[in-house]
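Computed from the coordinates by the stated procedures, all read-outs in this text should not be read as laboratory data. Bear in mind the structure is a predicted one, so any value in this text is a computation, not a measurement. As a convention, Cβ positions derive from the backbone with ideal geometry for all residues, glycine included, and neighbour counts pool all protein chains shown.
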Amino acid sequence: MALYNFKKIMVVPTAKDFIDITLSKTQRKTPTVVHKHYQIHRIRHFYMRKVKFTQQNYHDRLSQILTDFPKLDDIHPFYADLMNVLYDKDHYKLALGQINIAKNLIDNVAKDYVRLMKYGDSLYRCKQLKRAALGRMCTILKRQKSSLEYLEQVRQHLSRLPSIDPNTRTLLLCGYPNVGKSSFINKVTRADVDVQPYAFTTKSLFVGHMDYRYLRWQVVDTPGILDHPLENRNTIEMQAITALAHLRAAILYVMDVSEQCGHNLQQQLELFNSIRPLFANKPLIIVANKCDVKKITELTEENQKIFADLTAEGIPVIETSTLTEEGVMQVKTEACDRLLAHRVDNKMKGKKVHDVLNRLHLAMPAKRDEKERPPFIPEGALTRKKAMEVDAPKRKTERDLEMEMGDDYILDLQKYWDLMNEEEKSDIVPEVWEGHNIADYIDPEIMKKLELLEQEEELKEKAGEYDSDEESEDEEMQEIRVLAKQIREKKQVMVAISREKDVHGPRMPRTTTRVERAKLEKEMGSLGLDMNNKDDSHYAQNARRSRSVTKKRKREASVVPTSKTRSQSASRPPRDQSGVRDPAMAKKAKRMMKHSQKDMNRQGKKGEADRHVYDLKPKHLFSGKRTQGTNDRR
Amino acid sequence: MRIEKCYFCSGPVYPGHGVMFVRNDCKSFRFCRSKCHKNFKKKRNPRKTRWTKAFRKANGKELTVDNALEFEKRRNIPVKYNRAVWDKTVEAMKRVEEIKRKRQARFIMNRLKKCKQLEKEEAINEVKKNIQLIRAPHAGKAKQLEDKMVQKLQEDVDMVDENL
């Protein structure tokens, strides 16, 4: 389709951009290093390559522009005419022609300079030639600045044209400005065209799509047309005229019965007559809009006669109101039916039809017996078909409800539930109880099962299964347990003592260690022996008999030096007394000193600078089972 | 909204917690916390990991076959809401839960009872072998002997007195 390519046209760069892009590309994509001492053919080749590369780039880009833009002769006459109206055919063709000329000039320049380069005998000469060539190419392009700008704007506008298919079923709306064409298209399709009270709100063609009888229809909205001869028409009106002229569509001529658009019926009739020639061979319907304000029957005699004349000529006149939506569907169906009939007629008249008709054969099965077998159409299909034609009001949707209730609206999907009892619909259904899902317990026979379970439970209780059995132990057993506990404790204590001993060096036999009397008596006492009055026992006597240890000679207290030696003079006060006014201040100073040391002391640090960590991996943080919890403290 | 079961430890996975892993064979696994998830990734068998419910049930540490446990079953066909049915079900649930707890507790208690016998025997053994640590063998013997001597002397004195 011609219209598809309009969106795929490559961006046309401005002249400056174009030059920048191409030159930087040349810089990047060709080799950049050349020296004076290279062989001359190598130097020449180097610069020729640059010139040819630049020429190639320009050529490619410009050719692409020329092929991308549509040729006015090749596309559908509707689009050709539309483009002429919008962009002026001559200007368009000129611009493209200029681009073509520029392309050829660039090619020639490149050819010339490459030929000249063959005679360059030094690096300097070749370089200058290359500079000249590139410079000339860029100048050529600089001169095309205005053409390139114009083409870029054309491209942007082209890509935004509405995609109207000239060959499919179309309804075309035309009439004076402000009669209600855009409102009509808004009602019939999903299009969202601006509707405002001033004239020429719609400034270009708009397309909407609708469905009827399982087919897709285009509805084209045009800007309003005023009544003056063709030469005086401006661009906006010309678009409407182009559409009228080229699209094979059903024409809906919209008239404003209430004359609110600012033109009376006589003028509207004159316009109708003046564009009548454009309606040849097209099904035509007159839409009398704004009938909610004024009906045809309320008009004056002569105005009513106008409509009567039109009807007499065979053009259906249908009263509508886009505000109250009456008659809109009627217009739609009438127009569509007429257009379909017209199109089928045209097809039948053509030659292609016979090929198809010759291949079609309708087979009617022979009747087997006299029994009537009519086709079965379910009721739902019939009602739906009727609804499509009449366009009955749809059932109230949630959205309608929402708009009605405004802020009070609450979405309550539970009201559509299909339950046995209606009142239970608004119940809050419990799903979970104490970690169990209620849905897992639902069973039609749950009560029976529960009864059985309860019976079992009773039986078990009777059988005494749940009695708490405290074994009554006899006294002997209890005593034994107490003793066993004591034994275990004693064992643990012995093990702990032995661990603490921490003996380094050779181990002396037990007999060399002295046993003190008090310790011996204490231990034996705890074992239950009576250790009082043991002064004359064997061990005590031995202890007395052993040789008394010579005591050390008590040293005499040293004499205090009396002569004033050169010791530290008392004139310099000690640190904690210098600068201190009174005992209160001294006390405070001492307190501060102690306070600042508190933290260090608590952490066992030697001083401020002691950063030593005694235990990098304390055992209590790294051992033990990890159930749920953190490892920062355990 | 359902409370699912963790694949590894069989604990409850509340909504908004845990991780679900879907394998290429379309089997999905839910985990209640990263501990279970990581164990699963290490390819550990829950039936061999001692702290999981799967292990406990497979090795007879917990009650497995019981009528009270038959009530909670995952049903694949949802039932339409009916107030009467729901009410009855909630009542039944509470009662079933009570009975279940009692039975489970009883099962574990029975299991632990065997230990008491062993403990008794151990205590007796201990006392027999190591009594010397807390009591000297002839602890009260001196006093006893003295008493006996005194008694004997007393008897002798009495006899002499009698004779006289």
(message) Name the residue from A:Leu215, A:Thr383, A:Leu284 whose Cα lies farthest towards the positive end of the charge dipole of chain A, charges +1 on Cβ of Lys and Arg and -1 on Cβ of Asp and Glu.
(response) A:Leu215
(message) Along the charge dipole of the stretch A:41-133, pointing to its positive end and built from +1/-1 on Cβ of Lys, Arg, Asp and Glu, which listed residue (A:Leu94, A:Leu116, A:Ile65) has its Cα farthest out?
(response) A:Leu116
(request) List the residues whose amide H sits under 5 Å from the amide H of A:Glu319, counting only those 5 or more places along or on another chain, with H placed 1.01 Å from N in the peptide plane. (result) A:Ala288
(message) For peptide B:86-95, what's the mean number of Cβ atoms from other chains within 10 Å of each residue's Cβ?
(response) 6
(request) Taking H placed 1.01 Å from N in the peptide plane, check which residues at least 5 places from A:Val432 or on another chain put their amide H under 5 Å from its amide H. (result) A:Ile438
(message) I need the phi-derived Karplus couplings for the stretch A:592-605: 6.51 cos²θ - 1.76 cosθ + 1.60, θ = phi - 60°, integer Hz, Gly and Pro marked x.
(response) 5, 4, 5, 5, 6, 8, 4, 4, 4, 5, 5, 8, x, 8
(request) Would you work out the relative contact order for chain A, in percent, from Cα pairs under 8 angstrom that are 6 or more residues apart? (result) 8
(request) Enter the Cα centre distance for the pair the stretch B:25-91 and the stretch A:280-320, rounded to the nearest angstrom. (result) 79
(request) Indicate, rounded to the nearest 5 percent, the antiparallel portion of the DSSP beta bridges found entirely in the protein assembly as shown. (result) 45
(request) Grab the Cα-Cα distance for A:Asp90 and A:Asn346, subtract it from 0.36 nm times how many residues apart they are, and report the gain in nm with one decimal. (result) 88.6 nm
(request) Could you tell me which chymotrypsin sites (Phe, Trp or Tyr not before Pro) in the stretch A:197-289 are loop residues by DSSP with no more than 12 other beta carbons within 10 angstrom of their beta carbon? (result) A:Tyr198, A:Tyr214
(request) Could you tell me which of A:Val34, A:Gln128, A:Val85 has its Cα farthest along the dipole of the stretch A:21-177 towards the positive end, charges placed at Cβ (Lys, Arg +1; Asp, Glu -1), taken about the Cα centre? (result) A:Val34
(request) Add +1 for every Lys or Arg and -1 for every Asp or Glu among the other residues with Cβ under 12 Å from the Cβ of A:Gln455, and state the total. (result) -2
(message) Need one number: nm distance between label points at A:Lys203 and A:Val353, each 7 Å from Cα along Cα→Cβ, rounded to one decimal.
(response) 4.5
(request) Enter the angle in degrees (range 0 to 90, nearest 10) between the Cα long axis of helix A:40-68 and the first principal axis of the Cα atoms of chain A, meaning the one along which they spread out most. (result) 60
(message) On a straight-distance basis, which lysines could pair with A:Lys127 in a cross-link, Cα separation under 27 angstrom, same-chain partners fewer than 8 positions away excluded?
(response) A:Lys16, A:Lys25, A:Lys29, A:Lys36, A:Lys50, A:Lys52, A:Lys103, A:Lys111, A:Lys118, A:Lys142
(request) Please give the helix A:15-29 orientation as an angle from the longest Cα principal axis of chain A, in degrees from 0 to 90, rounded to the nearest 10. (result) 50
(request) Starting at the first residue of the stretch A:618-629, write each ³J(HN,Hα) from the Karplus equation 6.51 cos²θ - 1.76 cosθ + 1.60 with θ = phi - 60°, in whole Hz, x for Gly and Pro. (result) x, 5, 6, 8, 10, 10, x, 6, 9, 8, 8, x
(request) Could you name the aspartates and glutamates whose alpha carbon sits less than 17 Å from that of A:Lys448, not counting residues in the same chain fewer than 8 places away? (result) A:Asp440, A:Glu456, A:Glu457, A:Glu458, B:Asp66, B:Glu70, B:Glu72, B:Asp87, B:Glu91, B:Glu97
(request) Compute the normalised compactness of the stretch A:296-404: alpha-carbon radius of gyration over 2.2 N^0.38 Å, N being the residue count. (result) 1.73
(message) Using the crude model of +1 on Lys and Arg Cβ and -1 on Asp and Glu Cβ, and no other charge, please compute the dipole size for the stretch B:35-164 relative to its Cα centre, in debye to 20.
(response) 2960
(request) For every helix of n ≥ 4 consecutive DSSP H residues, a contribution of -39,500 (n - 2.57) applies; sum these over chain B, divide by its total residues, and give [θ] at 222 nm rounded to the nearest 500 deg cm²/dmol. (result) -18000 deg cm²/dmol
(request) Give the shape of the stretch A:345-401 as rounded, prolate or oblate, defined through the alpha-carbon gyration tensor: a ≥ b ≥ c are the square roots of its eigenvalues, a/c under 1.5 means rounded, and otherwise the shape is prolate if a/b is larger than b/c and oblate if not. (result) oblate
(message) Using only Cα atoms and rounding to the nearest 10 degrees, what angle (0 to 90) does helix A:446-462 make with the longest principal axis of chain A?
(response) 10
(request) In square nanometres and to one decimal, what's the mean projected area of the convex hull around the Cα atoms of the stretch A:180-334? (result) 9.0
(message) With n ≥ 4 as the cut-off for DSSP H runs, can you work out [θ] at 222 nm for chain A, using -39500 (n - 2.57) per run divided by the number of residues, rounded to the nearest 500?
(response) -15500 deg cm²/dmol
(request) Please grab the % of Cα pairs in the stretch B:34-84 that end up more than 17 Å from each other. (result) 60
(request) Kindly identify the stretch A:374-467 as rounded, prolate or oblate by the Cα gyration tensor criterion: order the square roots of the eigenvalues as a ≥ b ≥ c, call it rounded if a/c is under 1.5, otherwise compare a/b with b/c, prolate if a/b is larger, else oblate. (result) oblate
(message) Check which residues have an amide H placed less than 5 Å from B:Lys5's amide H, if you skip close sequence neighbours.
(response) B:Val13
(message) Cut-off under 24 Å on the C-alpha distance; same-chain residues fewer than 8 positions from A:Lys347 excluded. Which lysines are left, in chain and number order?
(response) A:Lys282, A:Lys332
(message) How would A:Leu141, A:Leu252 line up from fewest to most surrounding beta-carbon atoms within 10 angstrom?
(response) A:Leu141, A:Leu252
(message) Please list 3J(HN,Hα) in residue order for the stretch A:376-382, calculated via the Karplus relation 6.51 cos²θ - 1.76 cosθ + 1.60 where θ = phi - 60°; whole Hz, with x for glycine and proline.
(response) 9, 10, x, 4, x, 5, 5
(message) For the stretch A:399-423 and the stretch A:193-237, what is the centre-to-centre distance using only Cα atoms, to the nearest Å?
(response) 42
(request) For chain A, take the alpha-carbon Rg, divide it by the Kirkwood Rh, and send me Rg/Rh. (result) 1.36
(request) Please label the shape of the stretch B:7-139 as rounded, prolate or oblate, based on the square roots a ≥ b ≥ c of the eigenvalues of the alpha-carbon gyration tensor (a/c under 1.5 means rounded; beyond that, a/b larger than b/c means prolate, else oblate). (result) oblate
(request) Could you check what % of the DSSP bridge pairs in the stretch A:195-322 are antiparallel, to the nearest 5? (result) 45
(request) Using per-residue counts of other Cβ atoms within 10 Å, averaged over each peptide, order A:315-321, A:534-540, A:286-292, A:117-123 from highest down. (result) A:286-292, A:315-321, A:117-123, A:534-540
